[in-house]
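Here the structure comes first, spelled out in structure tokens, and everything after it is commentary.
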Amino acid sequence: MLEVSGLNGWYGPAHILFDIGLAVGAGEVVALLGRNGAGKSTTFRAIVGLLAKREGRVVFDGRDLSRLPTHEIVRAGLGYVPEDRRIFTELTVAENLEVGRQPARAGAATWTPEKLYGLFPNLGEMRGRPGGRMSGGEQQMLTIARTLVGNPSLVLLDEPSEGLAPKIVEEMAQAILAMKREGVSVVLSEQNLHFARLISDRAVIIERGRVRFDGTMAELEGSAEVRDAYLAV
């Protein structure tokens, strides 16, 4: 579904990503792990074309997206949920969803507002509430729902559990598993290894802009050396 190879990225003159490579299969959940500042968010921004300078190859569903602008990448069916959410605070829940609506795609799950209210019941109870009057967890759910209403085949989730109460984190995990059952591939950037364990098939660890580990969650669980070297605080 997604194959990234030789991905390099810069912020101004600073070289941040060094030959990042990762692959995601259809319906697979892959955790992009690493400490704060390791390059996880920058990797996502490079994949969706939000870095002013990037090099490398991004192939999505057999199509080379490497040189496309962000809006064309999203229209191709690759969804992106940024860490800072970026909802429209003056618009209601229903209006935020309407902004993200795109036509149904062949071979991809179709998400209607009612289906999303089933996935996130909290949103269904506040569909007329402005986004600025929601909690952080509710805003995170709305951001994911707004991305899904675009009917993507794959979603990049940047730090979906950060700053959320344990109950909301559990609801978020269940929602991601439901997305997987619908056939949506997911790559989530995380520092929370426990959260990643609940939902991920494989893990890719980044440290200082380089891939240091790529394997199954079981392989990561069996390697205390890798966890201590790249994930321990």
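The values are calculated or read from the model by the stated rules, or taken from the named source; none is laboratory data. Quick caveat, the model's predicted, so the values are computed rather than measured. Note that each Cβ is placed from the backbone with ideal geometry, even for glycine, and that neighbours are counted across all protein chains shown.
Here are the numbers for the structure shown:
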read-out: Matching entry among 162, 171 (being closer than 24 Å to residue 94 by Cβ and surrounded by fewer than 20 Cβ atoms within 10 Å (Cβ to Cβ)); value: 171
read-out: Residue tally, condition among the hydrophobic types (A, V, I, L, M, F, W, C) and either outside any helix (DSSP H, G or I) or within 9 Å of residue 33 (Cα to Cα) (or both), over the range 188-233; value: 12
read-out: Residue within the range 74-91 that is over 24 Å from residue 153 (Cβ atoms), β-branched (Val, Ile, Thr) and surrounded by fewer than 17 Cβ atoms within 10 Å (Cβ to Cβ) present; value: yes
read-out: Flag if residue 171 is among the charged types (D, E, K, R) and either in a helix (DSSP H, G or I) or over 18 Å from the mean Cα position of the chain (by Cα) (or both); value: yes
read-out: Helices (runs of 4 or more DSSP H) contained entirely in the range 68-136, each with at least 1 residues that are within 30 Å of residue 54 (Cβ to Cβ); value: 70-75, 93-100
read-out: Residue 35 vs. criteria part of a loop (DSSP other than H, G, I, E, B) and over 17 Å from the mean Cα position of the chain (by Cα); value: no
read-out: Test set (1) buried (at least 17 other Cβ atoms within 10 Å of the Cβ); (2) touching a strand residue (DSSP E or B) at 6+ places or on another chain (Cβ under 9 Å); (3) more than 27 Å from residue 198 (Cα to Cα) - residue 70 fails condition number; value: (1)
read-out: Residue in the range 46-54 that is in a strand (DSSP E or B) and buried (at least 19 other Cβ atoms within 10 Å of the Cβ) present; value: yes
read-out: Residue in the range 14-29 that is under 14 Å from the mean Cα position of the chain (by Cα), crowded, with 20+ Cβ neighbours inside 10 Å and outside any strand (DSSP E or B) present; value: no
read-out: Subset of the range 127-137 (residues that are closer than 17 Å to residue 99 by Cβ and either buried (at least 18 other Cβ atoms within 10 Å of the Cβ) or within 20 Å of the chain's Cα centre (by Cα) (or both)); value: 131, 134
read-out: Given (1) crowded, with 17+ Cβ neighbours inside 10 Å; (2) farther than 30 Å from residue 3 by Cβ, index of the condition residue 61 fails; value: (2)
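Let's see how each residue does on (1) surrounded by fewer than 21 Cβ atoms within 10 Å (Cβ to Cβ); (2) farther than 23 Å from residue 9 by Cβ; (3) of a type outside the set (Asp, Glu); (4) under 16 Å from the mean Cα position of the chain (by Cα):
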| site | (1), (2), (3), (4) |
| --- | --- |
| 192 | yes, yes, yes, yes |
| 197 | yes, yes, yes, yes |
| 203 | no, no, yes, yes |
| 206 | no, no, yes, yes |
| 214 | yes, no, no, no |
| 223 | yes, yes, yes, no |
| 232 | yes, yes, yes, no |
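Residue-wise test of (1) modelled with pLDDT of 95 or more; (2) out of contact with any strand residue (DSSP E or B) (no Cβ under 7 Å at 6 or more places or on another chain); (3) closer than 22 Å to residue 195 by Cβ; (4) charged (D, E, K, R).
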| site | (1), (2), (3), (4) |
| --- | --- |
| 7 | yes, no, no, no |
| 21 | yes, no, no, no |
| 42 | yes, no, yes, no |
| 55 | yes, no, no, yes |
